[in-house]
Amino acid sequence: MAHLPFFPEQASSHAKDVDAVFLAGMGILAFFTALILILIVTFLVRYRRGTTAERDNAPNTSLRIELLWIGIPLIISIGMFAWSAVVYYRLYSPPADAYLVDVVAKQWMFYLQHPEGKREINELHVPLGRPLRLRMISQDVIHSFYVPAFRAKQDVLPGRYTSLWFQPTRVGQYHLFCAEYCGTNHAVMRGTVEVMEPADYERWLGSGSSEGSLARQGEQLFQKHHCGGCHGPSQNVPAPPLQGVYGGRVPVTREGDPSTNFITADDRYIHDSVRLPKKEIVAGFEPMMPTYDQTELSEADLLKLIAYIKSIGAEETSK
Amino acid sequence: MSTTHELLQEPPLAEHFDDLEQQHLSAQLGMWIFLATEALFFGGLFCAYTVYRRMHWIEFVVASRELNVAAGAINTAVLLTSSLTMALAVRAAKLRERRWLLIYLAITIVFGAVFLGIKAFEWSEDYERGLVPGSLFTFPFRPEFAGFAEIFFLLYFLMTGLHAIHLIIGIALVATVAGFCARHQYVAQGENLVEMTGLYWHFIDVIWVFLYPLLYLIDVHR
Amino acid sequence: MSVAIAPEERMARSYLTDGYNLKSWLLTTDHKRIGLLYMVSITLFFFVGGAAATILRLELMTPKGDLIETADAYNRMFTLHGVVMVWFFLIPSIPAVLGNFLVPVMIGARDMAFPKLNLLSWYIFMAGGIIVLATLIAGGVDTGWTFYVPFSSMFSNTFVVPAAAGVFIVGFSSILTGLNIIVTTHTMRCPGMTWDRLPLFVWAQYATSLIMVLATPVLAITVALLAAERIWGVGIFDPRLGGDPILFQHLFWFYSHPAVYIMILPGFGVVSEIIPCFARRPIFGYKFMAGALLAIAFLGFIVWGHHMFVSGQSMYAGFVFSIISFLVAIPSGIKVFNWTATLYKGSIRFDTPMLYALGFIGLFTIGGLTGLILASLAVDVHVHDTYFVVAHFHYIMVGGMVMAYLGGIHFWWPKLTGRMYSEWWGKLSALIVFFGFNLTFFPQFVLGYLGMPRRVYEYTEDYQILHIMSTLGASILAVGYLLPLSYLILSLWFGKHATGNPWSATGLEWQTTSPPPTHNFEETPVVTEAPYAYDPVVAEAEYRASLAEIEERPRVNHT
């Protein structure tokens, strides 16, 4: 990680865009600071006490000048806003085909799991050039996933998924930090992101013992928690079947509200259906689902279940 | 009371003011700014309430049903009437009718105390039913909603509690002013004091006018 | 008028000599004495917070935790630094010390509108301060001054509730100060002191007070909710129990963003008094300067979301908060440009207050423009919660507010105490502060862009060189702050007696004696002209006359 300690490495597709906005901002800063400095120094020298400089007819106010220095900063501000907003929009719009890695943050570590089932702690291996989306959740307090070389940062919240995406553009090892103060060992909640050549990455994925893909692990959890008892084909209590649900529209009702709303069965919906099952009930079913809190089903396991439900959704729609 | 006597009773002008008008204006403006602060003080709670009512709508409805709507309604009537008597007290002060002023202030105090009494009764009822948030909280009516109902009750106790603290201060203020007016012959300063206290009292009333429908009547006005 | 009175006689009649016992200070309702009570208290808090900062900087010289051995100790230390500096130094600094002392004098009033409330506000301040200090002695808090939930409410096992109580209580002291200043400005102005003749210092205190009165109660209720969650375990903010941690951030920043303008607007006021006086020119664009103060106070209420660009709030909320944050640049730009234009065709003197004011303009320009970089959504994603942010707000708060506070203290020191300080030491420490400040905080911009996160006691070795520079600067800065403390205190015994108007300044505060009598003026002044009626052409003669008058004064107090 040896580099000149005055500018960070650019290792993602965002980095150049963000740096461009930053350098433009620094340029504006340098210009105005220099302008003010030169003006002040000139005046200080020229009009210091005792000089014979001409001092008559000094203006006390001037609408034109005031409008000038209202107008110019206004134009620059709107320009800077528009430019940075466009880049920001891209930072928060992951491509649909991005490779999905799960992040579970807790005091004081990042736990990551790849769709192929590989798990890591405080380290993230990613293939070069492939857009990667992180689906993140915290088990306790607010953390923040931050990779300076990618110019990417997103708070990781408890109870809610947030996401972050980037496309690595350079092979190497980069710092990974928790950027949101999260308690005693916040300082050491850090790690490394390693960008690898795709071939190396495939080799790395295949190495070590793997318990099968995330969806496969999710299926095992599905059986372990007897989810199939209600949601499976041989259901003894009526519960909505889960095949083909993921990504579709689900009719839900809320108690006291006679209308039925259609909502998308996304990660949030499945997460909340496990954690707060009384909130959104599929139309036509009784609210029988028990609540699973973190002690019964960790956030990491819940992500595996989601992967499983997503996989059976995909099978269904592909048939 | 003779004119001379009244002149002798001119209110004390604090030495840093030029005249009584300036003193009066300052007190009035100060009270309005204080009320603006108070509005934002309650505003934080109203904001939290609004957010959670949206997030946990049905739980709030269910929790709200456990409140004593009748007691709340009586209290609303009591407090609104007290505002009327307070307004009459201000009028009496302006007309320099000292006897009526004292009578209206006394009635206002009584109404304030009645409100607090009914509120205390409600709270003790809530307490017995285990609705006070914390380790004793139980929500047997719909156990599956207990968590969110607890948020409702926390907000309920914070909002009504804060309101009650304000009302206690209000009663103390009215009592002090009444005592002042009873001890002294009527003086113009009494008029100021009554007016300031009136502003504060009406503010407490207005807060309750928002609290009552928001907390008690969720189920009714949707 | 004042020239005819001998210095001894003047001292004999001043507010300082109106009672010598403890009671005459602790039960005073004189706004000037209350201002001094505040000055002594916040100086104490400044050096408590400063000592913490020094320890933090020394620790950060090396990448490993060695000076402070445990992470917990470091976390408590930076929380202490933040809480003490924000609520017990910066917020009361100029408003409660200089504002308290000067607003009534500047508008020709005999006192604040509510003298007893004024004294009460100091007692509330001390009560909050003592609670916070006791909390720190008992073991401290480790949540950071922002008290982010659910860490503070459910996870931290330090004294969060007492600290929150201290913050809750001290909030009421700033509400009372703000209320007093607003009412005083409205109702207590002397004849002729119309709104467009109000000194910009008073405008700045007025704008600040509006923020204090309208934002502080929201903080109070927010920390009350935090305490309720912590005490009763109800999920107001904890998502596991149905709460929303982002709501806390919204409520917190709804106060705390306006609050950072409480920490800079009064500084604008001070600088707007100093620059015209030492440039011998009326302030350029008075109406725009006053309008800009109110505009910043107003915009301050609707930009809080820019602290939350990566918090998970909606992207569209981010857009709105970003554009409004950019707009703050416009009134800020008006101020900087107008101060600069005031120097044009002036007759400029370089006394200590002027050095601080000039330093303020430079540092505020950098601090403000880096604020624009932070308002740029895309860049903020990268630098949020890094040292870039730390450097930015220290440029505003230390480079801006503390410089302005010191400038103001030097400018009005003769008025406050009736004594002149040593000009040579004054200039020297102003230069030391400026140099030390830049060496401390400029490297932190670089560190931040390199990605160094805040609030860590250990870091990776590649950041060390910049940290060493920063620590070096901090030690110089510490000297720069200890020097004024020493020579200002010494001036109370050894300084020359000040005249009523040692800087030949305009403004009502200079028309009374130094120090002023208890009721500020022998007779109520009448204002007949616009503020800042300086004339660069006659400047030289005024200056020499004033200097000569001070020179004649004996150094020792004869009374």
Item checked: Extent along principal axes [Cα atoms of region C:182-314; Å; largest to smallest] -> 62, 32, 21
Next item on the list: Extending each Cα 7 Å along its Cβ direction at C:D196 and B:R183, get the distance between those two points in nm, one decimal.
Entry: 4.9 nm
Next item on the list: Hey, for a label at C:S24 modelled as a point 7 Å past Cα toward Cβ, could you say which residues of region C:394-426 have their backbone N under 20 Å away?
Entry: C:415-419
Check: In a solvent-free Debye calculation with one equal scatterer on each Cα, what is log10 I(q)/I(0) for region C:130-227 at q = 0.24 Å⁻¹, listed in the order of the q values?
Finding: -1.15
Notebook entry, point to check: Picking from C:H519, B:V132, B:H166, whose Cα lies most toward the positive end of the charge dipole for the protein assembly as shown (charges on Cβ: Lys, Arg +1; Asp, Glu -1)?
Noted result: C:H519
Check: Which residue, A:R216, A:R249, A:R49, tops the fluctuation ranking in a GNM of chain A built on C-alpha contacts under 10 Å?
Finding: A:R49
Notebook entry, point to check: Quick one: if the Förster radius is 22 Å, what FRET efficiency do C:R544 and A:T52 give, using the C-beta to C-beta distance and rounding to 0.05?
Noted result: 0.85
Next item on the list: Count, for each residue of A:167-180, the Cβ atoms from other chains sitting within 10 Å of its Cβ, then give me the mean as a whole number.
Entry: 3
Next item on the list: Take the alpha carbon gyration tensor of region A:26-69, find the square roots of its eigenvalues, order them as a ≥ b ≥ c, and report rounded if a/c is under 1.5; if not, report prolate when a/b exceeds b/c, else oblate.
Entry: oblate
Checklist line | Shape category assigned to chain C from the gyration tensor of Cα positions, a/c cut at 1.5 | finding: prolate
Next item on the list: Among B:S135, C:S173, C:S546, rank each residue by its count of other Cβ atoms within 10 Å, from fewest to most, as a rough exposure measure.
Entry: B:S135, C:S546, C:S173
Note to self: With +1 on the Cβ of every Lys and Arg and -1 on the Cβ of every Asp and Glu, and nothing else charged, how large is the dipole of the protein assembly as shown about its Cα centre, in debye rounded to the nearest 20?
What the structure shows: 1300 debye
Check: What's the Cα-based Rg to Rh of region A:99-206, Rh via Kirkwood?
Finding: 0.95
Next item on the list: With springs only between Cα atoms under 10 Å apart, run a GNM on chain A and tell me which of A:A307, A:A265, A:A96 wobbles the most.
Entry: A:A96
Next item on the list: Sort all Cα-Cα distances of region C:312-445 into consecutive 10 angstrom bins from zero, then give the percent of pairs in each bin up to the one containing the longest distance.
Entry: 11, 34, 31, 16, 7, 1
Check: Hey, which of these cross-link pairs are over 30 Å Cα-Cα: A:K279/B:K119; A:K16/C:K64; C:K345/C:K427; A:K118/C:K64; A:K278/A:K304; C:K116/C:K335?
Finding: A:K279/B:K119; A:K16/C:K64; A:K118/C:K64; C:K116/C:K335
Item checked: Calculated FRET efficiency for the pair A:D97/A:R254, C-beta based, R₀ 30 Å, to 0.05 -> 0.30
Margin query: Using the crude model of +1 on Lys and Arg Cβ and -1 on Asp and Glu Cβ, and no other charge, please compute the dipole size for region C:25-552 relative to its Cα centre, in debye to 20.
Written below: 500 debye
Next item on the list: Over the residues of region A:214-318, compute the C-alpha Rg and express it relative to 2.2 N^0.38 Å.
Entry: 1.02
Check: Using the count of nearby Cβ atoms within 10 Å as a rough guide to exposure, how do B:Y127, A:Y174, C:Y344 rank from fewest to most?
Finding: B:Y127, C:Y344, A:Y174
Next item on the list: Would you work out which of C:M263, A:S13, C:V103 lies farthest towards the positive end of the dipole of the protein assembly as shown, given +1 charges on the beta-carbon of Lys and Arg and -1 on that of Asp and Glu, about the Cα centre?
Entry: C:V103
Notebook entry, point to check: Which residue, chosen from B:L214, C:Y148, C:W503, occupies the Cα position most advanced towards the positive end of the dipole of the protein assembly as shown, where the dipole is computed from +1 (Lys, Arg) and -1 (Asp, Glu) charges on Cβ about the Cα centre?
Noted result: C:W503
Note to self: Only four residue types carry charge here, +1 at the Cβ of Lys and Arg and -1 at the Cβ of Asp and Glu. Report the dipole size of region C:185-323 about the Cα centre in Debye, rounded to the nearest 20.
What the structure shows: 500 debye
Next item on the list: Kindly give Rg over Rh for chain A, based on alpha-carbon atoms, with the Kirkwood expression for the hydrodynamic radius.
Entry: 1.15
Next item on the list: Classify the protein assembly as shown as rounded, prolate or oblate, taking a ≥ b ≥ c as the square roots of the eigenvalues of its Cα gyration tensor: rounded when a/c is under 1.5, otherwise prolate if a/b is larger than b/c and oblate if not.
Entry: oblate
Checklist line | Point-to-point label distance, B:L35-B:A146, nm (Cα→Cβ direction, 7 Å offset) | finding: 4.4 nm
Checklist line | J(HN,Hα) series, region C:198-212, from Karplus relation 6.51 cos²θ - 1.76 cosθ + 1.60, nearest Hz, glycine and proline x | finding: 5, x, 5, 4, 5, 4, 5, 5, 5, 4, 4, 5, 4, 5, 4
Notebook entry, point to check: What FRET efficiency, computed as 1/(1 + (r/R0)^6) with R0 = 41 Å and r the Cβ-Cβ distance, is obtained for B:W100 and B:T138, rounded to the nearest 0.05?
Noted result: 0.25
Notebook entry, point to check: What's the exposure ranking of C:W425, C:W122, going from fewest to most Cβ atoms within 10 Å?
Noted result: C:W425, C:W122
Note to self: Rounding to the nearest 10 and keeping the result within 0 to 90°, find how far the Cα-based axis of helix C:539-552 lies from the longest principal axis of chain C.
What the structure shows: 80 degrees
Item checked: Kirkwood Rh (inverse of mean 1/r, distinct Cα pairs), region B:22-216, angstrom -> 18.0 Å
Check: For chain A, what is the percent of antiparallel DSSP beta bridges, rounded to the nearest 5?
Finding: 70 percent
Item checked: Label point distance in nm, C:N157-C:F350, each placed 7 Å from Cα along Cα→Cβ -> 5.8 nm
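Coordinate-derived values only; no laboratory data. Please read all numbers here as calculations on a predicted model, not as lab measurements. Every residue, glycine among them, receives a Cβ derived from its backbone with ideal geometry; neighbour counts consider all protein chains shown.
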